[in-house]
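**Q** My questions will all concern the structure given below.
The values are calculated or read from the model by the stated rules, or taken from the named source; none is laboratory data. Everything numeric in this text was worked out from a predicted model, so none of it was measured. Glycine gets a Cβ as well: all are built from the backbone with ideal geometry, and neighbour counts include every protein chain shown.
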Amino acid sequence: MPSRKPTLFPALLAAALLIAQGAAADTLATLKEQGFARIAIANEPPYTSVTADGKVSGAAPDVARVIFQRLGVPDVVASISEYGAMIPGLQAHRFDAITAGLFMKPQRCAAVAYSQPILCDAEAFLVKTGNPKGFKSFADIAKDPKARIGAPGGGTEEKLALDAGVPRDRVIVVPDGQSGLKMLQDGRIDVYSLPVLSISDLIKKANDPGIQMVAPVQGAPVYCDGAAFRKQDTALRDAFDVELAKMKASGEFAKIIEPYGFSAAAAMSTTRDQLCGGPN
Ligand code: 6CS
């Protein structure tokens, strides 16, 4: 029986795993040394917001900033990104975390390590006053052959519209809330979809009697986001979760998110594993 040369593969695999684990464990050390965590946001108030002078706020960054400070990372530096580009950007190390209201769904949970739930919301439509086309669900939009819906690129509402049967050429990718509002006002789309609190914020600021919200969208679930980390950074995610749990227990979490309109009880009534449809 010819002697089989010992394969190096198991040793190489073990070394690779050790290097990966070591690198991941160092992520928090790197952030501490760097002095800030690079976060992806969408600039969609009240989830995330960047003022004209560059100040980052919104419920998601406000929670993340406090937690990172408690982990020894003094600040967060935000980059505005389309929802569909957030996970690729995280994986490409352009961001250290996504804190943007990126809703937990099994497909996303397969790609990132989510914290426990932070911001929960239902879905909404922005329509002309009186809802002339009677849209109550994404299926209603699919049934109307002329109806065009605006939604964020790579966002939940885009996927809900496509999954409901709205053809690709009637799902218009909209870069941000103000663009969506203008496109609706100008008649370039018939409905614009974002979560309830985002549409509410647009309406409040628009001061336009010619638009209204339809909410909740029938047949669309209530979603919750979490902070999202690279799969190999579960040590950082777990450390984030420890601080998040303390804030939830002390009432500090509610004090940060509820002035923005979010419900702490909604986030505390569910878990990452329930929202991901399994362990994440
Ligand atoms: O997670 C998402 O895809 C959705 N989240 C928010 C906060 N706004 C729109 C986006 O589609």
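**Q** Which one is farthest from the chain's Cα centre (by Cα) among residues in the range 154-181 that are acidic (Asp, Glu) and more than 22 Å from residue 202 (Cβ to Cβ)?
**A** In this case the residue turns out to be 169.
**Q** If we keep just the residues of the range 115-129 that are small (Gly, Ala, Ser) and within 12 Å of the ligand (Cβ to nearest atom), which is nearest to the chain's Cα centre (by Cα)?
**A** Checking each candidate, the answer is 122.
**Q** To continue, here is another question. Tell me, which residue of the range 243-280 that is within 21 Å of residue 47 (Cβ to Cβ) and among the charged types (D, E, K, R) is surrounded by the most Cβ atoms within 10 Å (Cβ to Cβ)?
**A** So, considering only residues that are within 21 Å of residue 47 (Cβ to Cβ) and among the charged types (D, E, K, R), the one surrounded by the most Cβ atoms within 10 Å (Cβ to Cβ) is 272.
**Q** Scan the range 73-112 residue by residue and report those that are buried (at least 22 other Cβ atoms within 10 Å of the Cβ), within 16 Å of residue 275 (Cβ to Cβ) and over 11 Å from the mean Cα position of the chain (by Cα).
**A** Listed by number, the list holds a single entry, 112.
**Q** Just give me the residues in the range 162-177 being farther than 15 Å from residue 146 by Cβ and in a helix (DSSP H, G or I), in sequence order.
**A** Residues satisfying the conditions are 162, 163, 168, 177.
**Q** Right, something else. If the requirement is being modelled with pLDDT of 95 or more, basic (Lys, Arg) and more than 30 Å from residue 205 (Cα to Cα), which of these qualifies: 65, 70?
**A** Exactly one residue qualifies, and that residue is 70.
**Q** OK, next. So if I check each of 236, 184, which one is over 19 Å from the mean Cα position of the chain (by Cα), outside any loop (DSSP other than H, G, I, E, B) and at pLDDT 95 or above?
**A** Just one listed residue meets the conditions, 184.
**Q** So residue 47 clears everything in (1) more than 16 Å from residue 236 (Cβ to Cβ); (2) at pLDDT below 95 except one condition, right? Which one?
**A** Unmet for residue 47, out of (1) more than 16 Å from residue 236 (Cβ to Cβ); (2) at pLDDT below 95: (2).
**Q** Tell me which residues, restricted to the range 99-128, are more than 17 Å from residue 159 (Cβ to Cβ) and among the β-branched types (Val, Ile, Thr).
**A** Result: 99, 118, 127.
**Q** Continuing with this model, one more query. Note down all Cβ pairs under 7 Å where the first residue falls in the range 206-230 and is in contact (Cβ under 8 Å) with a residue 12 or more places away in the chain, the second is charged (D, E, K, R) and part of a loop (DSSP other than H, G, I, E, B), and they're at least six residues apart or on different chains.
**A** If the second residue must be charged (D, E, K, R) and part of a loop (DSSP other than H, G, I, E, B), the pairs left are 214/136; 218/136.
**Q** Look at residue 159 and say whether it is within 16 Å of the ligand (Cβ to nearest atom) and assigned to a helix (DSSP H, G or I).
**A** Yes, satisfied.
**Q** Still on this structure: Within the range 131-153, can one find any residue that is away from the ligand (no atom under 12 Å from the Cβ), in contact with a Cys (Cβ under 8 Å, 6 or more places away or on another chain) and more than 21 Å from residue 205 (Cα to Cα)?
**A** Scanning the range 131-153 turns up no residue that is away from the ligand (no atom under 12 Å from the Cβ), in contact with a Cys (Cβ under 8 Å, 6 or more places away or on another chain) and more than 21 Å from residue 205 (Cα to Cα).
**Q** In this structure, is residue 176 out of contact with any Pro (no Cβ under 9 Å at 6 or more places or on another chain) and surrounded by fewer than 23 Cβ atoms within 10 Å (Cβ to Cβ)?
**A** No; evaluated as a whole, the condition is false for this residue.
**Q** Okay, next question. Has the range 151-164 got any residue that is more than 30 Å from residue 271 (Cα to Cα) and crowded, with 22+ Cβ neighbours inside 10 Å?
**A** Scanning the range 151-164 turns up no residue that is more than 30 Å from residue 271 (Cα to Cα) and crowded, with 22+ Cβ neighbours inside 10 Å.
**Q** Does residue 257 meet the test of being in a helix (DSSP H, G or I), within 16 Å of the ligand (Cβ to nearest atom) and touching a strand residue (DSSP E or B) at 6+ places or on another chain (Cβ under 7 Å)?
**A** The answer is no for residue 257.
**Q** Here is a further query. For the range 32-114, list the strands (runs of 3 or more DSSP E) that sit wholly inside it and hold at least 1 residues that are among the hydroxyl-bearing types (Ser, Thr, Tyr) and away from the ligand (no atom under 12 Å from the Cβ); which are they?
**A** Because the criterion is at least 1 residues that are among the hydroxyl-bearing types (Ser, Thr, Tyr) and away from the ligand (no atom under 12 Å from the Cβ), the strands (runs of 3 or more DSSP E) in the range 32-114 that meet it are 75-80.
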